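The values are calculated or read from the model by the stated rules, or taken from the named source; none is laboratory data. Nothing here was measured: the structure is a model prediction, and the numbers come from that model. Note that each Cβ is placed from the backbone with ideal geometry, even for glycine, and that neighbours are counted across all protein chains shown.
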Amino acid sequence: MQELLKVAMPKGRIYKQASKLFREAGLAIPDDADDSRKLIIQVPEANMEFIMAKPVDVPTYVEYGVADIGVVGKDVLMEENRDVYELLDLGIARCRMSVIALPDWQPVINPRVATKYPNVASQYFREQGQQVEVIKLNGSIELAPMIGLADRIVDMVETGSTIRENGLKEYEQIFSITSRLIANRVSYRMKNNAIQALCDRLQPAIAAATAGAGK
Ligand code: PRP
């Protein structure tokens, strides 16, 4: 009998894709968990317990060891910079981090950049040798250049609908994003068999899903 794994799962959009991938890997994740409001979901068939977290908090639960492993977007991982192991690229929730502005954007001195990702944005502009003022927002980031709060934004682009529908333009892509499987450093040693067994099951499912998506 393998040890119980506590898994920090991101509530919402990524959870649907993650639970689908886990099922494709042969794990018996109940369908009704997708729409449940429960915050702790027992999955005894897979010897797991899901902790349903706000996506941005997943690395925190894993770093502190209240979850052994977690599923999290590379965007959050880069922004939060937590002390965790990154085990697998799950290949789900594909999107990108980009610099976006109005189509007639012109460089100005000390521009303002609005974002949900202040660390990512600061690091990017520092590496570009550009001095900017970063303004942290929590959502609807595209509003900022439209109503004059910021010159540019750093945000996620998935389908591109939000920027298109709001008349904005994507200027630069900073990095591509997929969800990752992460592990707590101590759990990785203490529950290595169970974690490794999970990775071994997930890998072919990821390869199959990626090959299917490329068709
Ligand atoms: C995210 C992101 C963009 C949008 C990109 O926002 O911040 O606004 O999705 O997706 P698209 O390219 O498919 O349009 P989210 O829906 O998470 O809401 P938020 O703006 O409140 O953060």
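When you go through (1) out of contact with any Pro (no Cβ under 9 Å at 6 or more places or on another chain); (2) within 14 Å of the ligand (Cβ to nearest atom); (3) among the β-branched types (Val, Ile, Thr) one by one for residue 76, which number turns out not to apply?
Condition (1) is where residue 76 drops out.
Residues in the stretch 123-133: is at least one modelled with pLDDT of 95 or more, within 12 Å of the ligand (Cβ to nearest atom), in a strand (DSSP E or B) and in contact with a strand residue (DSSP E or B) (Cβ under 6 Å, 6 or more places away or on another chain)?
no
All but one of (1) buried (at least 22 other Cβ atoms within 10 Å of the Cβ); (2) in contact with a helix residue (DSSP H, G or I) (Cβ under 6 Å, 6 or more places away or on another chain) hold for residue 62, so report the exception by its number.
Of the numbered conditions (1) buried (at least 22 other Cβ atoms within 10 Å of the Cβ); (2) in contact with a helix residue (DSSP H, G or I) (Cβ under 6 Å, 6 or more places away or on another chain), the odd one out for residue 62 is (2).
Can we say residue 114 is among the hydrophobic types (A, V, I, L, M, F, W, C), within 12 Å of the ligand (Cβ to nearest atom) and part of a helix (DSSP H, G or I)?
In short, no.
Which of (1) exposed (fewer than 12 other Cβ atoms within 10 Å of the Cβ); (2) over 23 Å from residue 13 (Cα atoms) does residue 138 not meet, given it meets every other one?
(2)
Do we find that residue 69 is within 18 Å of residue 197 (Cβ to Cβ), at pLDDT 95 or above and crowded, with 18+ Cβ neighbours inside 10 Å in this structure? Spell out the reasoning first.
Details: within 18 Å of residue 197 (Cβ to Cβ): yes; at pLDDT 95 or above: yes; crowded, with 18+ Cβ neighbours inside 10 Å: yes.
Criteria met by residue 69.
Any idea which residue in the stretch 87-105 is nearest to residue 194 (Cα to Cα), counting only those that are out of contact with any helix residue (DSSP H, G or I) (no Cβ under 7 Å at 6 or more places or on another chain) and touching a residue at least 24 places away in the same chain (Cβ under 8 Å)?
Taking the stretch 87-105 as the starting set, the residues that turn out to be out of contact with any helix residue (DSSP H, G or I) (no Cβ under 7 Å at 6 or more places or on another chain) are 89, 94-96, 98-99, 103-105.
With touching a residue at least 24 places away in the same chain (Cβ under 8 Å) added as a condition, the list becomes 89, 94-96, 98-99, 103, 105.
Values: 89: 18, 94: 27, 95: 30, 96: 32, 98: 37, 99: 40, 103: 51, 105: 52 Å.
Among them, the one singled out is 89.
With the checklist (1) under 22 Å from residue 81 (Cα atoms); (2) among the acidic types (Asp, Glu); (3) touching a residue at least 12 places away in the same chain (Cβ under 8 Å) in hand, flag the one item residue 142 doesn't pass.
(1)
What number of residues within the stretch 149-207 are surrounded by fewer than 16 Cβ atoms within 10 Å (Cβ to Cβ), basic (Lys, Arg), away from the ligand (no atom under 14 Å from the Cβ) and not in a helix (DSSP H, G or I)?
0
Taking the stretch 10-65 only, how many residues are part of a loop (DSSP other than H, G, I, E, B) and either within 16 Å of the ligand (Cβ to nearest atom) or closer than 18 Å to residue 209 by Cβ (or both)? Show your work before the answer.
The first filter runs over the stretch 10-65 and keeps only residues part of a loop (DSSP other than H, G, I, E, B), leaving 11-12, 25-30, 36-39, 47, 54, 64-65.
Add one more test, that the residue is either within 16 Å of the ligand (Cβ to nearest atom) or closer than 18 Å to residue 209 by Cβ (or both), and what stays is 11-12, 25-27, 29, 54.
So the answer is 7.
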